[in-house]
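The block underneath contains the structure these notes are about, expressed in structure tokens.
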Amino acid sequence: MHVLVIGSGGREHALCWAIAKSPLCGRLSAVPGNGGIAEIATCLLLDPLDFAGITAFCRAENVGLVVVGPDAPLAEGIVDHLEAAGIKAFGPTAGAARLESSKGFTKDLCTDAGIPTARYQRFASAAAAMAYVKDHPLPVVIKADGLALGKGVIIATTRAEAEAAVSIMFAGEFGAAGHTVVIEEFLEGEEASFFVLSDGETALPLASAQDHKRAFDGDTGPNTGGMGAYSPAPVMTEAVTAQVMRAIITPTLDAMRAMGCPFKGVLYAGLMITATGPKLIEYNARFGDPEAQVLMLRLKSDLLPALIAAREGRLKEIALSWSEETAISVVMASRGYPGRYQKGSVIKGLDKAATLPNVTVFHAGTQRRSDGAVTANGGRVLNICATGSGIAEARGRAYDAVRLIDWPEGFCRNDIGWRALVRLEPKA
Ligand code: AMP
Ligand code: GLY
């Protein structure tokens, strides 16, 4: 089968890496891919939002399955478009992807289905939102309704910050994403991400992960797409996982089906494990990045038949097995990210790093020059990943590999996995 992966990040490199191992995969292409994906797939210089161009390629090259990585094409209806053209595509329709593309949609669904989440109100006018934050307990969380590259969430700890957040959202800071604003209660607890594969009816739990969204050590600095992740998340015990499936995932999938929008694809639940149990922070309608990287490293089964079964409504037939090991991913980013950064610097040492035992390097924003050199071409550039019998071993291996990367223009966090490590230390 000819498989086409849409996207250009570390997530898509990990998906390509997993799919390329499948005996079912005869040929692998990517739109647009990156410098690492180019080693295992044919990369096409098309825009992931160019649905007509992608459709034409799929027809001409007999693509048997399109696997969509990022949120934007899903929200724009790439799966609806391809399926209408008779091309098989893995991922939710635009209607089902509203679980990610509209925070208000998800919050309303939670209310209707009794799913535990932060108490909230939705606002379409600045005046009403302003009045609401005037006496809301602090901290208060203010969110743009639509997709905002993970940046549309402000946690205000003072009244002045809360009012400023409302002002900038309605002033258009996040474009159309901020025309509607959700204001919600601040949840205390430990965050975890949990992933399921769904065919609309059956939900197959994948695995859990924890990521680090802030740019700098100690979880400080601006929010990013994610600076590192590890799987499993120790806070997701069997009991918590069962509760998440029963109270959050299953009622969500039931509600989507009842609405005529069955969710087929990967459902990524961002959770807060509070003193009173797990609560939903948000959904994403796709694999996380860098969470997919650590999930793929732990997946022992063939991914491709599971994706095909999810699309065809046959997930009941699928069982997946996972390594007991811990996997970790350390993101190396261009200096300046998530703000302005330079492109084009040369990265050396990649081959040396990849020869270390249990180490895998996934590329994100890289490009391969005609002379073979790998250059930085984006904000998040590399994922240095490793597995080990626990977080300490996996993390030690990943940072040993990081030290072999010769790229003065890049930086990474030095504390990925700290929460999991702290748990291991005896309490004082
Ligand atoms: P989101 O884009 O909704 O995932 O929010 C980004 C980050 O903001 C989350 O990963 C949390 O760390 C934080 N966050 C969002 N909503 C809340 C909330 N209600 N309480 C506490 N933290 C939150
Ligand atoms: N790592 C967070 C995300 O993929 O949304």
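None of the figures in this text is laboratory data; all of them are computed from the coordinates on show. Owing to the predicted nature of the structure, the values given are computational and were not obtained by experimental measurement. Note that each Cβ is placed from the backbone with ideal geometry, even for glycine, and that neighbours are counted across all protein chains shown.
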**Report entry** Residue in segment 58-79 that is among the polar types (S, T, N, Q), touching a residue at least 12 places away in the same chain (Cβ under 8 Å) and touching an Asp or Glu at 6+ places or on another chain (Cβ under 6 Å) present
**Finding:** no
Requested in this report: Return the total of residues in segment 270-287 being out of contact with any Ser or Thr (no Cβ under 7 Å at 6 or more places or on another chain) and within 20 Å of L15 (Cβ to Cβ).
Outcome: 4
Requested in this report: Please specify each residue of segment 269-308 satisfying the condition of being near ligand 1 (Cβ under 10 Å from one of its atoms) and within 22 Å of P92 (Cβ to Cβ).
Outcome: G270, L271, L280, I281, E282, Y283, N284
Query raised in the report: Considering only strands (runs of 3 or more DSSP E) fully contained in segment 111-186, which possess at least 3 residues that are away from ligand 2 (no atom under 16 Å from the Cβ), closer than 19 Å to P222 by Cβ and touching a residue at least 12 places away in the same chain (Cβ under 8 Å)?
Result: 153-156
Requested in this report: Would you mind stating whether M332 is over 21 Å from V66 (Cα atoms), within 16 Å of ligand 2 (Cβ to nearest atom) and either among the polar types (S, T, N, Q) or in contact with a helix residue (DSSP H, G or I) (Cβ under 9 Å, 6 or more places away or on another chain) (or both)?
Outcome: yes
Requested in this report: May I ask you to list the residues in segment 389-427 that are in a loop (DSSP other than H, G, I, E, B) and either within 17 Å of L356 (Cβ to Cβ) or without any contact (Cβ under 8 Å) to a residue 60 or more places away in the chain (or both)?
Outcome: S389, R403, L404, I405, W407, I416, E425, P426, K427
Report summary line: Counting only residues in segment 165-223 that are within 15 Å of ligand 1 (Cβ to nearest atom), hydroxyl-bearing (S, T, Y) and under 30 Å from I416 (Cα atoms), the one farthest from the chain's Cα centre (by Cα) is identified as T220
Query raised in the report: Residues in segment 281-315 that are within 11 Å of ligand 2 (Cβ to nearest atom) and among the polar types (S, T, N, Q): how many?
Result: 2
**Report entry** Filtered residue count, segment 187-230, keeping only those that are among the small types (G, A, S), touching a Lys or Arg at 6+ places or on another chain (Cβ under 7 Å), under 19 Å from V331 (Cβ atoms) and away from ligand 2 (no atom under 15 Å from the Cβ)
**Finding:** 1
Query raised in the report: Among (1) assigned to a strand (DSSP E or B); (2) within 16 Å of ligand 1 (Cβ to nearest atom), where does G265 come up short?
Result: (2)
